[in-house]
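See structure below.
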Amino acid sequence: MSQESSHRVVVIVDENSNPFELGCATEIFGLHRPEIGRDLYDFRLCSPDPDTLMRDGFFTLTGVAGLDAAEHADTLIVPNRPNVDAPRRPAVLDAIRAAHTHGTRLVGFCSGAFTLAEAGVLDGRRATAHWQWADDFRARFPAVELQPDVLFVDDGDILTAAGSAAALDLGLHIVRRDHGAEIANAVSRRLVFAAHRDGGQRQFVERPVPELPDESLAPVLAWAQQHLDTALTVTDLAAQAAVSPATLHRRFQAQLGTTPLAWLTGERITLACRLIELGEQRFDVVARRTGLGTATNLRTLMRRETGLTPSAYRRRFGTSPG
């Protein structure tokens with residue numbers, strides 16, 4: 001039987017909330033995890049009303065806790081909805097402000113950034129929102145440092161995701177932050193979703209589906225993941241794809257919204273995190289097996305990508321005491 005987690009994730013559902021983001025939160029934070037052997041979170045839904053009409057009247061949500069459940073959240077996911085001009089109810093905004101005062105981690109998916117900003121907790125903070133609302137957001141909330149061309153923003157105790165699908169990216173990022181890369185990878189496998197897309201990747205991908213089958217990056221990505229222990233370069237990736245480095249760069253930007261080097265570095269760091277979690281104590285070995293070269297380079301890049309040094313990461317997520 002799964003062990004219960006003490007970290008409580010609470011989602012506020014309000015009138016006209018989007019079902020997709022609610023589904024993302026449920027899939028990532030609310031499911032039992034027999035494949036892991038324990039539940040990662042204690043997951044709850046709450047609402048200001050006994051009956052909540054969801055977006056466009058698709059269905060009515062009933063039988064969830066009252067808004068006072070937000071008082072007991074460790075992570076609170078705030079409501080979002082398609083009409084960003086309609087103000088939130090004072091009770092919802094008060095619950096968000098109270099949670100922020102108590103040190104609760106706040107999360108906004110898509111238009112949830114508007115809810116956080118309306119509550120006043122984003123003033124002077126970094127956040128993102130869907131690109132189509134960027135101008136409106138800036139006009140209404142000039143005190144917020146909006147970053148409109150990224151998938152998600154992690155500003156410590158407040159995290160925001162740009163669009164609907166980016167909710168999955170941010171959710172997996174939170175799991176990775178809380179439980180490490182190996183657990184996040186297990187959750188992503190169950191979702192059949194990319195294990196890691198960096199928050200700094202662009203929201204808008206110019207050509208999400210290649211126009212020609214032979215332009216797909218899938219073969220070269222799979223090949224590179226099998227050769228991370230070698231000193232791969234962008235030139236090597238281009239040669240494997242039988243294109244010039246400039247063409248490869250354009251395809252990465254169009255299909256993944258990032259550069260080949262940034263993708264390669266992210267894959268190396270993810271592998272390094274997993275090796276540390278699985279018990280590898282020698283950081284020079286981790287660096288060598290991930291193609292990062294030296295323990296010094298590993299330390300620099302891990303701190304940049306995860307906010308933790310290898311030693312700190314091992315203390316937090318490793319299977320052996322450090």
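Answer with yes or no whether Ala242 is on the phi > 0 side of the Ramachandran plot, among the aliphatic types (A, V, I, L, M) and modelled with pLDDT of 90 or more. Here the answer is yes, as Ala242 does meet what is asked. His130 meets each of the listed conditions (1) farther than 20 Å from Pro19 by Cβ; (2) over 13 Å from the mean Cα position of the chain (by Cα) apart from (1).
Among the residues in region 51-73, are any among the hydroxyl-bearing types (Ser, Thr, Tyr), modelled with pLDDT of 90 or more and surrounded by 21 or more Cβ atoms within 10 Å (Cβ to Cβ)? The answer is no; no qualifying residue exists.
Residue pairs whose Cβ atoms lie under 8 Å apart, separated by 6 or more positions or on different chains, with the first residue in region 229-247 and not assigned by TED's automatic domain parsing to the domain that holds Asp284 and surrounded by fewer than 16 Cβ atoms within 10 Å (Cβ to Cβ) and the second of a type in the set (Phe, Trp, Tyr) and in a loop (DSSP other than H, G, I, E, B), do not occur. Could you go through region 273-281 and let me know if any residue there is basic (Lys, Arg), in contact with a Leu (Cβ under 9 Å, 6 or more places away or on another chain) and either closer than 18 Å to Ala181 by Cβ or modelled with pLDDT under 90 (or both). Among the residues of region 273-281, not one is basic (Lys, Arg), in contact with a Leu (Cβ under 9 Å, 6 or more places away or on another chain) and either closer than 18 Å to Ala181 by Cβ or modelled with pLDDT under 90 (or both), which makes the answer no.
Would you mind stating whether Arg197 is modelled with pLDDT under 85 and more than 18 Å from Glu21 (Cβ to Cβ)? No; evaluated as a whole, the condition is false for this residue. Residues that are in a loop (DSSP other than H, G, I, E, B) and hydroxyl-bearing (Ser, Thr, Tyr) within region 264-307 comprise Thr290, Thr294, listed in sequence order. Here's a check for you: in region 291-322, which residue that is modelled with pLDDT of 90 or more, β-branched (Val, Ile, Thr) and under 25 Å from the mean Cα position of the chain (by Cα) is surrounded by the most Cβ atoms within 10 Å (Cβ to Cβ)? Step by step, filter region 291-322, then rank; the result is Thr309.
Applying a threshold of 6 Å to beta carbon distances and a minimum spacing of six or more residues, or different chains, the list of pairs starting in region 274-288 at a residue that is at positive phi and ending at one that is modelled with pLDDT under 90 reads Gly279/Thr319; Gly279/Ser320. Exactly one residue out of Gly291, Gly318, Gly257, Gly279 is in contact with a Lys or Arg (Cβ under 6 Å, 6 or more places away or on another chain) and over 20 Å from Leu151 (Cβ atoms), and it is Gly291.
Within the bounds of region 17-31, is there any residue that is at pLDDT 90 or above, assigned by TED's automatic domain parsing to the domain that holds Ala166, surrounded by fewer than 16 Cβ atoms within 10 Å (Cβ to Cβ) and over 24 Å from Ala162 (Cα atoms)? Within region 17-31, not a single residue is at pLDDT 90 or above, assigned by TED's automatic domain parsing to the domain that holds Ala166, surrounded by fewer than 16 Cβ atoms within 10 Å (Cβ to Cβ) and over 24 Å from Ala162 (Cα atoms).
The values are calculated or read from the model by the stated rules, or taken from the named source; none is laboratory data. Given the structure is predicted, the values throughout are model-derived calculations rather than measurements. Every residue, glycine among them, receives a Cβ derived from its backbone with ideal geometry; neighbour counts consider all protein chains shown.
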